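The values are calculated or read from the model by the stated rules, or taken from the named source; none is laboratory data. These numbers were taken from a predicted model, which means no experiment stands behind them. All Cβ positions, glycine included, derive from the backbone under ideal geometry; neighbour counts span all protein chains shown. Accessible surface areas use protein heavy atoms only, side chains included; no ligands, DNA or RNA. Shrake-Rupley method; radii C 1.70, N 1.55, O 1.52, S 1.80 Å.
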Amino acid sequence: DYVVVKMIPDNRLPPRHLHAVRTGKTFAVIKWESPYDSPDQDMLYAVAVKDLVRKTDKIYKVKSRNSTVEYTIKKLEPGGKYHVIVQLGNMSKESSMKINTVPLSAPDALKIITENDHILLFWKSLALKESNFNESRGYEIHMFDSLMNITAYLGNTTENFFKVSNLKIGHNYSFTVQARCLYGGQMCGEPATLLYDELGTGEDMSATKSGRPTDVAAIVVPVLFLLLVTLGIGFVVLYMRHRRLQNSFTAFANSHYSSRLGSAIFSSGDDLGDEDDEAPMITGFSDDVPMVIA
């Protein structure tokens, strides 16, 4: 024996398994399941999005007959915080969750240039890679002193550089640059951080570690070029001397070559000296000695 029982749908139940599938800078994809399996008609859902930073609310209506519903919430702000509530249109029990959108990226190419009594922070504009960033929003700069264990807010700027003065010798600093925080410091961009620890050397302030490779290359490349030029000149000089010695020896050997013997004849200095000593000196001829010419 058996009996078939059909459950009466309860539209007062909340949506099930509400969760975020993916979040971006300006959107969030959420998913949930219907209050009961296999709805036999379209179900109207109310999706309420509360901005916890701006303190504003938006309500969206979603109609679906599927057991699993996926919805994309758009026009959110980077780095925002939101409270999402999903319930049936008849204001039944609700399911809720909190989501945080992805903040703006950190500025690229943060570097330091030192001057006589201050330093300059430089970075690339965020507008080059972030379409949601407006230069009028600006940037804010923070400094952390590791010796004093203090973080200080230095200020904000709409430019791509910032001047920092009154740095103390022997202190190590970390600088951070990020998109300016909005609404009480709750919507900020990702910070770009740079360590500056050159003041403890007791020498003049120099560029940070990020700038060293360029400075070293500017010194090493000319030195290597001069070494290569010097070596090239040395090889040319040696080659010319070798050719000169070779030509001199060839000329000397040709001048002592005997075609009758088929070889060159060389005499030592001692032999030349002895022959000169033993050879009689011709002083002249007497009138009474006849000269015979054969």
Amide proton proximity set for MET43, modelled H, under 5 Å, gap of 5+: SER64, ARG65
Given labels modelled 7 Å from the Cα in the Cβ direction, how far is it in nm from TYR183 to THR68? 3.2 nm
Pairs of alpha carbons in the stretch 92-144 whose separation is greater than 19 Å (percent): 51 percent
Round to a whole number: what % of the accessible area of the stretch 16-100 belongs to carbon and sulfur, probe 1.4 Å? 46 percent
Label model pair ASP37, SER92: point-to-point distance (7 angstrom along the Cα→beta-carbon line) in nm is 1.6 nm
What does the extension gain come out to for LYS124 and MET148, with contour length at 0.36 nm per residue minus their alpha carbon separation? 5.7 nm
Give the accessible surface of the stretch 24-171 per residue, rounded to a whole number of Å², with probe radius 1.4 Å and ligands, DNA and RNA excluded. 56 Å²
Computing the accessible area with a 1.4 Å probe over protein heavy atoms, can you report the carbon and sulfur percentage for the stretch 108-196? 49 percent
Only Lys, Arg, Asp and Glu count, each charged at its Cβ (+1, +1, -1, -1), so figure out the dipole size of the stretch 108-196 about its Cα centre, rounded to 20 debye. 40 debye
Given Cα pairs under 8 Å that are at least 6 residues apart, what percent is the relative contact order of the stretch 16-100? 34 percent
Going 7 Å from the Cα of ILE8 in the Cα-to-Cβ direction, what parts of the stretch 69-108 have a backbone nitrogen less than 20 Å from that spot? 88-93
Apply the Debye scattering formula to the stretch 108-196, with a single equal point scatterer on each alpha-carbon and no solvent, then give log10 I(q)/I(0) at q = 0.20, 0.22, 0.23 Å⁻¹. -0.95, -1.12, -1.21
Each label sits 7 Å from Cα toward the beta-carbon; between ILE59 and ASN116 the label points are separated, in nm, by 6.7 nm
Please work out how much accessible surface GLU33 shows to a 1.4 Å probe, ignoring ligands, DNA and RNA, in Å² rounded to 10. 60 Å²
Residues of type lysines that LYS75 reaches as a straight line, Cα spacing below 28 Å, ignoring anything fewer than 8 places off in the same chain: LYS25, LYS31, LYS50, LYS55, LYS58, LYS61, LYS63, LYS93, LYS98, LYS124, LYS129
Cα atoms only: what Rg and Dmax, in Å, come out for the stretch 16-100? 12.7, 40
